[in-house]
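S.K.: Sharing a structure below in structure tokens format, with a few things to ask.
The values are calculated or read from the model by the stated rules, or taken from the named source; none is laboratory data. The model shown is predicted, which means the values in this text are computed figures rather than measured ones. Neighbour counts are summed over all protein chains in view; Cβ atoms, including those assigned to glycine, are modelled from backbone coordinates with ideal geometry. Surface accessibility is based on the protein's heavy atoms, side chains included, excluding ligands, DNA and RNA. Shrake-Rupley method; radii C 1.70, N 1.55, O 1.52, S 1.80 Å.
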Amino acid sequence: MLADTYASEIAAILSRYPIKKSAVLPLCYIAQDEYGYLNIDHIQEVADILDMPYTDVYEVATFYSLIYDQPVGKWVLQVCDDNPCCFTGAEELVADLEQRLGIQAGETTPDGLFTLQRVKCIGACHRAPVMQANLEFLYDVTPDQVPGMLEDLAQKVQRGETLSVSGRFAEK
Amino acid sequence: METIRYENGYPGGPANGYGSEFPNPFLTEHIVLRNRDYPDIGQIDEYMRRGGYEVARKALTTMQPSAIIDEVKKSGLRGRGGAGFPTGVKWGFIPKDITPKYLVCNADESEPGTFNNHEVIDFNPHQMIEGMIMSGFAVGATTGYIYIRGEYAYGARNLERAIREAYDKGFLGQKLWGTDFDFDLYVHRGAGAYICGEETALLESLEGKIGQPRLKPPFPAVAGLYAKPTVVNNVETLANVPMIIERGADWFRSYGTEKSPGTKAISISGHVKRPGNFEIPLGITMRQFIYELADGIRDGHELKFLIPGGASANWLINTPEHLDLPLTWDDLAAKGTMLGSGAVVVLDDSTCVVAASMKVDEFFKHESCGKCTPCREGTHFLVKVWERIEHGKGRASDIPLLNDLGKEMLGKCFCPLGESAVSPVASALKYFADEIRQHIELGRCPLGASHPMPHVAAAEGSAYTGAAMPPAR
Ligand SMILES: Cc1cc2nc3c(=O)[nH]c(=O)nc-3n(C[C@H](O)[C@H](O)[C@H](O)COP(=O)(O)O)c2cc1C
Ligand code: SF4
Ligand code: FES
């Protein structure tokens, strides 16, 4: 249970705010890292910790795009396809990744390693094509880097490294 | 270009712009982007070696809060987050007799094309933290939150590191520098919603709700976070405060223009040779910015149009009238567009106007918070029409339809996001109606770009080459 496993982290988060409810996003992030995504039971757990109605947490979990309401891969690859990235290589990068991973954007590979998503501007438009892997930036991605990058990410999973799809972990 | 920090064989690490190896002909010294001059200024020891936190100490121990507000008022500092409202005036609205008060730093930065706060957050965090301490003291806020977009995970960690450093030195916490002033500062990560950059939606989000804007008034200054008086300021706005207090309003006014004093960090992206962030004295022209700082349009192409203030702004085109516009809030407003958060997106003659418009409206459709009908439904409609044209199925009636949709949305949306979705419609129809008409009649892009995406034939300068072409969608 989150309340036990993450007791000290949750206490530290709650101490920052005068009301418990403000901690809903940080707690959703913790739950998401623990369970991979948020289903009804996970949402109920967060709601219980915060004394919030279930529906209020549900609403939040479905409003924000970085809170996933469906299972995602160990690595969520997010390519910005917004103006101006789409005119400086992003579309080609998405196509390349789709081909290599054998999935369409929005899908997860059958082995559960990668989810590929198109996202809107991530604030690094000058270094397109740009993407994030579990919210860590990868800038100026070139075709020759892609196979090595995917291999490297897959190896991290194989080595059993602790990953956070929510980008939550402090300096590793 | 700067060296990319390689992590595990692929590029990672913080977003950089250009370092000291690239001199800025318009400034002898960077103010906001000081990491350009002092690359290690993100570390507290280096920041302090450069005089950091000394200004806050002096201000807290020798100045009255009202004197800080007055100096900021005199400096004419305008909010860097988009609207350009005078910062000192905003602080002056905070009622004295209600406690507690809050200071919120808006580090949500999600406007397409905007990444100037990103650099400050990653490379010069102490200057914004020092600015927050001083602003908190000036308005009497004892708690500060930095609301940072969820996507800036590195930035959030970096801010937390910098905040820890400041606590360790006693610059945050209780009785700062022996005064009676206490100030606590926390990082709060958003979770992927552009609308949370709008200040009232941000406050809702910080209170644990979905990020939908509130009706104003009451303004946050009176009833903001937890219904208490709250100042919401942008990263860059706050990062300007220590320098203004250190060197005075007159010094600050030696940069920029009478009504837009100071400097501004502006992001430029798209089809220029040197995309990145540049700090400029407000008032240099768009032409100087694009051709002298960003080194002009990539070879073999010409400027087609540019979006001057992030996706929300009306476009400018390749005419002297537009290129010679001084970069200030008022000059751009006078031409019906805006400086916004300081983002210039430049697109050259290879760009399909339909595709570009569709992309802008896709963004607003994706980010509409759903609170009001004109925006929620209107953005969907706009994208549908653009998509139809893009896919070669446009109808002659689509041009008047786009026009009508725009008219139905303008002035009827609850917050500025919905209205912003009309800017590509208005701009594309104003400057490129013929191209759109041709696109409809031919059932394909008149520029010969392959559709659907990518629209740009793999031109030189396209960062990604040799990749598979996308399957038709
Ligand atoms: C849709 C929308 C998005 C906004 N996004 C941001 C943002 O990402 N960062 C920001 O500082 N201001 C943003 N603003 C402006 C804020 O509402 C607010 O004016 C600003 O944070 C005030 O700070 P300033 O006075 O220092 O500029 C946005 C406004 C709107 C309407
Ligand atoms: S205009 Fe759009 S973003 Fe703003 S309140 Fe309406 S639906 Fe929400
Ligand atoms: S448009 Fe892609 S990162 Fe900004």
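S.K.: Wrap a convex hull around the Cα atoms of chain B, take a quarter of its surface area, and give that in square nanometres.
M.R.: Projected over every direction and averaged, the Cα hull of chain B covers 22.1 nm².
S.K.: Run the simple label-point estimate for B:E207 and B:R247 please: 7 Å along Cα→C-beta, distance reported in nm.
M.R.: So the two model labels end up 4.0 nm from each other.
S.K.: Straight-line reach from B:K259: which aspartates and glutamates fall under 13 Å, measuring Cα to Cα and dropping same-chain residues less than 8 apart?
M.R.: Qualifying aspartates and glutamates at Cα under 13 Å: B:D330, B:D331.
S.K.: For the range A:22-168, with only Lys/Arg (+1) and Asp/Glu (-1) charged at the beta-carbon, what is the dipole magnitude about the Cα centre, in debye rounded to 20?
M.R.: 300 debye
S.K.: Taking a spot 7 Å from the Cα of B:T285 along the direction of its beta carbon, which residues of the range B:298-332 have an amide N less than 12 Å from it?
M.R.: B:319-327
S.K.: Another one. Can you compute the charge dipole magnitude of the protein assembly as shown about its Cα centre, using +1 on each Lys and Arg Cβ and -1 on each Asp and Glu Cβ, nothing else charged? Give it in debye, rounded to the nearest 20.
M.R.: Once rounded to the nearest 20, the dipole reads 1380 debye.
S.K.: I want to verify a result. In a Gaussian network model of chain A, Cα cutoff 10 Å, which of these has the top mean-square fluctuation: A:Y64, A:Y29, A:Y139?
M.R.: A:Y64
S.K.: Straight distance only, please: which aspartates and glutamates reach the Cα of B:K90 with their own Cα at less than 18 Å, same-chain residues fewer than 8 apart left out?
M.R.: B:D70, B:E71, B:E198, B:E199, B:E236
S.K.: As an exercise, identify the trypsin sites (Lys or Arg not before Pro) in the range B:340-426 lying in DSSP coil whose Cβ has no more than 15 other Cβ atoms within 10 Å.
M.R.: B:K393, B:R395, B:K412
S.K.: Longer than 25 Å from Cα to Cα, which of B:K101/B:K216; A:K21/B:K412; A:K20/B:K228 are they? Say none if no pair is.
M.R.: Result: A:K21/B:K412 exceed 25 Å.
S.K.: Here's something else I'd like to know. Under a 1.4 angstrom probe, counting protein chains only, how are B:I121, B:I69 ranked by accessible area, largest first?
M.R.: B:I69, B:I121
S.K.: Also: Ignoring everything but the protein chains, give the 1.4 Å probe accessible area of B:F414 in square angstrom, nearest 10.
M.R.: B:F414 has an accessible surface of roughly 80 Å² with all protein chains in place.
S.K.: Once both axes come from the Cα atoms, what is the angle between helix A:40-50 and the longest principal axis of chain A, in degrees from 0 to 90, rounded to 10?
M.R.: 50 degrees
S.K.: Something else: Specify, per residue and in Å³, the volume enclosed by the convex hull of the alpha carbon atoms belonging to chain A.
M.R.: 130 Å³
S.K.: Hey, can you list the residues from the range A:19-62 whose accessible area shrinks by 20 Å² or more with all protein chains present, relative to the chain by itself (probe 1.4 Å, no ligands or nucleic acids)?
M.R.: Flagged in the range A:19-62: A:I19, A:K21, A:S22, A:L25, A:Y29, A:E59, A:V60.
S.K.: While we're on this one: Just to confirm my numbers, what's the Cα centroid distance between the range A:1-38 and the range B:268-347 in Å?
M.R.: The range A:1-38 and the range B:268-347 have Cα centres separated by 43 Å.
S.K.: Continuing with the same structure: Which FRET efficiency value, to the nearest 0.05, do you get for B:K96 and B:R50 by plugging their Cβ-Cβ distance into 1/(1 + (r/R0)^6) with R0 = 56 Å?
M.R.: 0.95
S.K.: So, one more: What shape does the range B:283-371 have by the C-alpha gyration tensor, where a ≥ b ≥ c are the square roots of the eigenvalues, rounded means a/c under 1.5, and otherwise prolate means a/b greater than b/c and oblate the rest?
M.R.: Oblate, since a/c reaches 1.5 and b/c is not below a/b.
S.K.: Still on this structure: Roughly how big is the range B:209-302's charge dipole about its Cα centre, with Cβ charges of +1 (Lys, Arg) and -1 (Asp, Glu), in debye to the nearest 20?
M.R.: Dipole magnitude for the range B:209-302 comes out near 540 debye.
S.K.: Probe radius 1.4 Å, ligands and nucleic acids left out: can you give me the accessible area buried at the B-A interface, summed over both chains, in Å² to the nearest hundred?
M.R.: 5900 Å²
S.K.: If Lys and Arg each add +1 and Asp and Glu each add -1, what is the summed charge of the other residues whose beta carbon sits under 10 Å from the beta carbon of B:V32?
M.R.: Summing Lys and Arg as +1 and Asp and Glu as -1 gives +1.
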